[in-house]
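The values are calculated or read from the model by the stated rules, or taken from the named source; none is laboratory data. Predicted model only: the values in this text are computed from it and were never measured. Cβ placement follows ideal geometry from the backbone for every residue including glycine, while neighbour counts extend to all protein chains displayed. Only protein heavy atoms, including side chains, enter the accessible area calculation; ligands, DNA and RNA are left aside. Shrake-Rupley method; radii C 1.70, N 1.55, O 1.52, S 1.80 Å.
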Amino acid sequence: MKIFIDTAITEEIKEAADLGIISGVTTNPSLMAKSGRTLNDVITEILGLVEGPISAEVEEADWESMYKQAHEIVEMTHNNPNITIKLPMTPDGVRTCTMLSKEGIKTNVTLIFSVSQAILAMEAGATFISPFMGRVDDFLQSEIAPGARLIKDINRVKEQYGYSSQIIAASIRNKGHVEQAALAGADIATIPFKVIKQMYEHELTTRGLKIFADASKK
Ligand code: G3P
């Protein structure tokens, strides 16, 4: 499973990229606001930090405006083949996805919470689809790991019908989500930087390091 980083903070992207395990970046308007920068200001810099798909989300609601903004982003980034237009799971978002896909522009349909929505996005030719694990788990608290089940069900439909869209497990809150996403067949997990750092940790690794360090002192 590939790892993308879910942030618009360039310092985090740089640090994660140096680890050598990052294959792409996803951003959204909330992450932009958190970084204190605008999409136009930051997107070219991000394209220079990671060699892989970089998702930039449109902020418009109707398809004409989404389509126009998508092309503005593509032009601003000089038709960089890694630029990926992130679109919401709405009739206008899916319509825009169909149009951009036909033009060979990479797309990522976001805010996916059901198999039905995933089918619509895959039929529209989305390069990536983003089911939100953490938010589904928050929403259906009485069920066992509903976020993981959503990824597994979408993956089953994807394989059954041979859809080419890649599944990005999004809204990852902890390393348990990363492991569940991998076991459920996600192609990619987009992960906040603090969770990427947690993935390195294990109590037995810490203890093992201490045992080796003590031994080498003797
Ligand atoms: O990739 C989507 C993600 O950023 C949403 O995460 O934590 O706001 O549910 P969250």
At most 16 other Cβ atoms within 10 Å plus a DSSP loop assignment makes a site exposed; report the longest stretch of the chain without any exposed GluC sites (Glu not before Pro).
144-200
Taking only Cα atoms, what is the 0 to 90° angle, nearest 10, from helix 39-49's long axis to the longest principal axis of the chain?
50
Using a 1.4 Å probe on the protein heavy atoms, what percent of the accessible area of the range 123-218 belongs to carbon and sulfur?
56
Per GNM of the chain with C-alpha springs under 10 angstrom, the most fluctuating residue out of Thr96, Thr77, Thr205 is Thr205
Could you please report the charge total around Arg95, scoring K, R as +1 and D, E as -1 over all other residues with beta-carbon less than 11 angstrom from its beta-carbon?
-3
Each label point is 7 Å from the Cα along the Cα-to-Cβ direction; what then is the distance between the points at Ile144 and Ser30, in nm?
2.8
Provide the convex hull volume over Cα atoms per residue for the range 47-99, in Å³.
75
If one takes the longest principal axis of the Cα atoms in the chain, at what angle in degrees, from 0 to 90 and to the nearest 10, does the Cα axis of helix 146-161 lie?
60
With the Cα gyration tensor of the range 58-204 in hand, give its eigenvalues times 5 under a square root as the equivalent ellipsoid semi-axes, listed largest first in whole angstrom.
28, 18, 14
Straight-line reach from Lys197: which lysines have Cα under 29 Å away, leaving out those fewer than 8 places along the same chain?
Lys2, Lys14, Lys34, Lys86, Lys106, Lys152, Lys175, Lys210, Lys217
With +1 assigned to the C-beta of every Lys and Arg and -1 to the C-beta of every Asp and Glu, and no other charges, what is the dipole magnitude of the range 15-58 about the Cα centre in debye, to the nearest 20?
160
Please report Rg (one decimal) and Dmax (integer) in Å for the Cα set of the range 132-201.
12.1, 38
Quick one: which residues, 5 or more positions from Gly24 or on another chain, have an amide H under 5 Å from its amide H? H modelled 1.01 Å from N in the peptide plane, none for Pro or chain starts.
Ile5
Karplus-derived 3J(HN,Hα) from phi for the range 72-83 (6.51 cos²θ - 1.76 cosθ + 1.60, θ = phi - 60°), whole Hz, x at Gly and Pro, runs 5, 5, 4, 5, 4, 9, 6, 6, 4, x, 7, 5
Using a Förster distance of 41 angstrom, determine the FRET efficiency expected from the C-beta separation of Val157 and Leu19, and round it to 0.05.
0.80
Taking 0.36 nm per residue of sequence separation and subtracting the Cα-Cα distance, how much length would be gained by fully extending the chain between Leu49 and Ala213, in nm to one decimal?
55.5 nm
What is the sum of charges, Lys and Arg at +1 and Asp and Glu at -1, for the other residues whose Cβ falls under 14 Å from the Cβ of Gly208?
-1
Using Cα-Cα distances under 8 Å and only pairs 6 or more residues apart, what relative contact order does the range 39-162 have, in percent?
18
